[in-house]
Each structure stands twice: as C-alpha cells, then as structure tokens.
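S.K.: Next up is a structure, given as structure tokens.
The values are calculated or read from the model by the stated rules, or taken from the named source; none is laboratory data. Note that the structure is predicted; figures quoted are calculated from it, not measured. Note that each Cβ is placed from the backbone with ideal geometry, even for glycine, and that neighbours are counted across all protein chains shown.
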Ligand code: URP
Ligand code: ZN
Ligand code: ZN
Ligand code: ZN
C-alpha cells in the first residue's frame, strides 16, 4: 500500500516546509519537494499510488504522543471511565497516535505481575500504539530488582508519588532507593510532586471546619506545596544521579525549581497539561457541585500561573505537554464526593483535545508551530525512548501522521466528543484548527469526520531509555 500526501506543509520540531510525503506500508518511505513523486510521468497520481491525500492549505505533522494517560485506572473503588479501546479511539480523533499509560503497582504487589495485568487490559484493544510507565508504590528489595526487568520489557520510566499518603505515597527514603536504582539502570523517575503529608493536615482541618465542597480540593493543595515537593525531588535526584521527569507541573513555584535545576545541567525535565494552561481554580468553585468536574491533582491554580507556564513552554523548562487524561463521569463517579471533596475521584478527561488546545497557543502567539509539534510529539518521543520511530516525519519512521486543517473551526462539547465521559472540562470552548486525517502506521484511522480505525490495530511499544541524558 503506497500513499501520497501532497501539497501540504510538513511540520517538525525545527520548522515548517512545503513537501510531499510518501508512505509505503507501515512507514514513511520518503519526504521530498512538492511534485517530486509525480513528476516525469503522464499518469495521474491516483493511477500511481494506492491513495492520494491533497493537503493543500494543511499541515502534515507527526502524530501526537500523549505520555500521560490513565485508561481503566482504579481509584477509590471505581475506575476511570475510558477503556483502552474508547480512550485510544478518542485520542486518535484528536491526532494522538501514541499513548503512554501507567501500570499501577498495588501495595504488596509485584511490578512484573502488574505489567502483566496492564497488558491484559490493553493488548488487542487499542486503536493506536501504546506503551507503559510503571507506578512504583511499594519500594522493597524485590521491587527494586524488578525495575531491571521492567526496563528490559520496554518500560523504562517509573512514576512515584510524594502525594497520597497511605495509597501510592513513598517516603523520601524510599524515593532515594528507587532513584539509586534508576540511576544504575538508566531509568527515569517520573514524580508526582506534591507534599502529601502537609496536604493531609490541611485537608483534615478543612473537613473539621465543615468545609466539604469541591473548591476545598484546590485550597488544601496550595502551589507552595508543589514547589516544595518539586525542589525536594530535584535534590534527591541530584544526590543519586537519577534522571527526573516532573509530571503534570501546574505551579510557578515548581517551574522555578525545575528551571534552576536545568540551569545547573541536572537531568531534570517537566511536563504540563492543557488544563493548567486554560482552566483555573475558579472552575473548582462552580456552584451545585459542578466544581467536582475539575478535581485533579495537582489542582487547577490561580490564573496568574498560566503566563509562567506558557513561558516555560517557550524556554523548554517545560518540554512536554501531556493530558493526564483520567476521566471520571460526573454522574455516579464524581458524585461519590458530594458532602466530602476527598471522595471525589481525582482526574479530568482530555486525551482528545490536547493537540487542538495547544494549537490555540500557536494562534495566540504564545508558542511557535515548531514548538507545538515538539512539545506534543517530538520531545515525548525522545524523552521516553521512541525516537526516531515516533515523533517525526522522516524516512523510516512509523507513518503516524496528522493532516491538520489550521483554518477549521470547532466547538468542544461532551455531546460530540469521543471520550467515554459525560462532561467536557472545556464545554463550549471554540477552537481554531482541527485534525482532518490521522494515520497510524500507514493506516487511516480518522478521515474527515469518519472513524476508520479498529481495536487491536495498536501495538505495544517497548521503549528505550530517555534520549536526552547528559
Ligand atoms: O488527579 C489526577 N491527576 N489523577 C490521575 C493520577 C495522577 O496523579 O496522575
Ligand atoms: Zn500524578
Ligand atoms: Zn499564587
Ligand atoms: Zn496522572
């Protein structure tokens, strides 16, 4: 099967250039000057190729990589509402062709059996390619040994929590031990950096004062406690030499800590998420318990953090944008927390709209086209050992390609989105730009409003180590 994508503007992490792209089977065969593949023949392109896509006026960009999703994730007795099937389908609609999800080690469980059970959930169900990070919630001799086997199995990054005492939380000593191991084997530690011990005190005080509404979720997790935990994680990583990746960074205080560490040459990286760029703690204060829709950790911040985050994206102190897609329906799931905000399942849906939402940053002049592609595709590929198979339009790369119409208009709504969740955090937001055609390994998954993908097309990606280390 040979497919020609012609007359488009090919985007990369370094810029934009008019070019034609030839896809042969699963991979990109060649990228050449416009007209190159059709010159010197009297035949029409559709006689020469199996399929031809005219991308006049469109971007031709690498498929997005969402390095932070939670499909079917257990939380507080319930599960995030997207399965690997529905979640990867929604991702594809939004131009994301790879996800990296999190396998969650239960306390007392082994990493390898955890990995097996996440394969059971995902294998055969995904519409697009997928990999796993491993959440380490129980640091002990066995777990530490198993980290080697995880890396060998293509799971080269380990998430740990300074938040959620009693659930996923690790002490500084446990973190230090896991970081020591990560440094030895070249694995990356991905950190949820919030001071959970201090937060628990603020939460207990709020509840004792009868403050139970969703807004309290934000008020009891102040940005200073994300800044403190981020600094501490950086210190521990510095002591051990482990590469550190701060997940879902939301606060200016945390960004300053990351920037300072990067200035000294430490292997510290960070991602932010669209919700921190566009939504704020005011959304958590919505009446009638509607604020529960916006409960995620770290919480949405005051608006004044947002210009700092955009600046961080420009300066590469924030190098990746992921979604932390962790969808819980409002009905029956978020509602578990009526009368007690601590019972609201933490997380927000977003896997479908990351690329479109970040495109608004291009439209508004916050980031360049190249930076958009870099933060959504190229850097996550390099960060998590998938480059150059993913994250770039180049010969030999997987043909994960998005034809993007920058002039299209759409309005986000739960009525029309494809995620298995009964609300949208961005309901009514109008956007400029939309994915027109999405290819996963050469197969058309979405084309002009029609879904053509299939569960099971997506394959597990055994990942290499981080490709940015000093
Ligand atoms: O609230 C959130 N972010 N839920 C998902 C789990 C996590 O901490 O990333
Ligand atoms: Zn987290
Ligand atoms: Zn503030
Ligand atoms: Zn998460």
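S.K.: So if I check each of 361, 385, which one is under 23 Å from residue 92 (Cβ atoms), part of a loop (DSSP other than H, G, I, E, B) and either within 16 Å of ligand 3 (Cβ to nearest atom) or under 19 Å from the mean Cα position of the chain (by Cα) (or both)?
M.R.: 385
S.K.: Under 20 Å from residue 337 (Cβ atoms) and within 16 Å of ligand 4 (Cβ to nearest atom): does that describe residue 245? Quick ask: steps written out before the conclusion?
M.R.: Numbers: under 20 Å from residue 337 (Cβ atoms): no; within 16 Å of ligand 4 (Cβ to nearest atom): yes.
For residue 245, the condition - under 20 Å from residue 337 (Cβ atoms) and within 16 Å of ligand 4 (Cβ to nearest atom) - is not met.
S.K.: Consider residue 426 against the criteria (1) in contact with a helix residue (DSSP H, G or I) (Cβ under 9 Å, 6 or more places away or on another chain); (2) surrounded by fewer than 21 Cβ atoms within 10 Å (Cβ to Cβ): it satisfies all of them except one. Which criterion is unmet?
M.R.: Answer for residue 426: the failing condition is (2).
Residue by residue, here is whether (1) under 23 Å from residue 446 (Cα atoms); (2) at pLDDT below 95; (3) in contact with a strand residue (DSSP E or B) (Cβ under 6 Å, 6 or more places away or on another chain) holds:
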| position | (1), (2), (3) |
| --- | --- |
| 25 | yes, no, no |
| 58 | yes, no, yes |
| 65 | yes, no, yes |
| 73 | no, no, no |
| 81 | yes, no, no |
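Results for (1) surrounded by fewer than 22 Cβ atoms within 10 Å (Cβ to Cβ); (2) within 27 Å of residue 294 (Cβ to Cβ); (3) in contact (Cβ under 8 Å) with a residue 12 or more places away in the chain, shown as yes or no for each residue.
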site: 330; (1), (2), (3): yes, yes, yes
site: 338; (1), (2), (3): yes, yes, yes
site: 350; (1), (2), (3): no, yes, yes
site: 391; (1), (2), (3): no, no, yes
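S.K.: Among the residues of the range 332-350, is there at least one that is farther than 21 Å from residue 128 by Cβ, at pLDDT 95 or above and within 16 Å of ligand 3 (Cβ to nearest atom)?
M.R.: no
S.K.: Kindly evaluate residue 151 against the criterion of being away from ligand 4 (no atom under 14 Å from the Cβ), surrounded by 14 or more Cβ atoms within 10 Å (Cβ to Cβ), on the phi < 0 side of the Ramachandran plot and part of a loop (DSSP other than H, G, I, E, B).
M.R.: no
S.K.: Could you check the range 310-328 and list, in sequence order, the residues that are over 16 Å from the mean Cα position of the chain (by Cα) and either at negative phi or within 16 Å of ligand 2 (Cβ to nearest atom) (or both)?
M.R.: Correct list: 310, 311, 312, 314, 315, 317, 328.
S.K.: Considering only the range 172-181, I want to know if a residue exists there that is at pLDDT 95 or above, buried (at least 21 other Cβ atoms within 10 Å of the Cβ), under 26 Å from the mean Cα position of the chain (by Cα) and within 16 Å of ligand 1 (Cβ to nearest atom).
M.R.: There is at least one residue in the range 172-181 that is at pLDDT 95 or above, buried (at least 21 other Cβ atoms within 10 Å of the Cβ), under 26 Å from the mean Cα position of the chain (by Cα) and within 16 Å of ligand 1 (Cβ to nearest atom).
S.K.: Would you tally the residues in the range 75-85 being under 18 Å from the mean Cα position of the chain (by Cα) and over 15 Å from residue 330 (Cβ atoms)? Write out each step before concluding.
M.R.: Within the range 75-85, the first condition is being under 18 Å from the mean Cα position of the chain (by Cα), and the residues that meet it are 80-85.
Filter again for over 15 Å from residue 330 (Cβ atoms), leaving 83-85.
The total comes to 3.
S.K.: Ok, one more. Would you mind listing the strands (runs of 3 or more DSSP E) fully within the range 4-101 where at least 3 residues are in contact (Cβ under 8 Å) with a residue 12 or more places away in the chain, closer than 30 Å to residue 341 by Cβ and within 16 Å of ligand 2 (Cβ to nearest atom)?
M.R.: It comes to 64-69.
Let's see how each residue does on (1) over 21 Å from residue 383 (Cα atoms); (2) over 22 Å from the mean Cα position of the chain (by Cα):
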residue	(1), (2)
270	no, no
277	yes, no
281	yes, no
289	yes, yes
303	yes, no
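S.K.: A further question on this structure: Mind telling me which of the residues 75, 79 ends up being within 20 Å of residue 124 (Cα to Cα) and within 16 Å of ligand 4 (Cβ to nearest atom)?
M.R.: That would be 79, the only listed residue that is within 20 Å of residue 124 (Cα to Cα) and within 16 Å of ligand 4 (Cβ to nearest atom).
S.K.: Is it fair to say residue 204 is over 21 Å from residue 323 (Cβ atoms) and within 21 Å of the chain's Cα centre (by Cα)?
M.R.: On the way: over 21 Å from residue 323 (Cβ atoms): yes; within 21 Å of the chain's Cα centre (by Cα): no.
Against the criterion (over 21 Å from residue 323 (Cβ atoms) and within 21 Å of the chain's Cα centre (by Cα)), residue 204 does not qualify.
S.K.: Which residue out of 77, 87 is more than 16 Å from ligand 3 (Cβ to nearest atom), out of contact with any helix residue (DSSP H, G or I) (no Cβ under 7 Å at 6 or more places or on another chain) and at pLDDT below 95?
M.R.: 77
S.K.: Name the residues in the range 355-389 that are surrounded by fewer than 24 Cβ atoms within 10 Å (Cβ to Cβ) and within 16 Å of ligand 4 (Cβ to nearest atom), would you?
M.R.: Across the range 355-389, there are no qualifying residues.
S.K.: Return the residue satisfying two criteria in turn: it lies in the range 107-148 and is part of a strand (DSSP E or B) and within 20 Å of residue 244 (Cβ to Cβ), and of such residues it is nearest to ligand 1 (Cβ to nearest atom).
M.R.: Filtering first and then ranking leaves 135.
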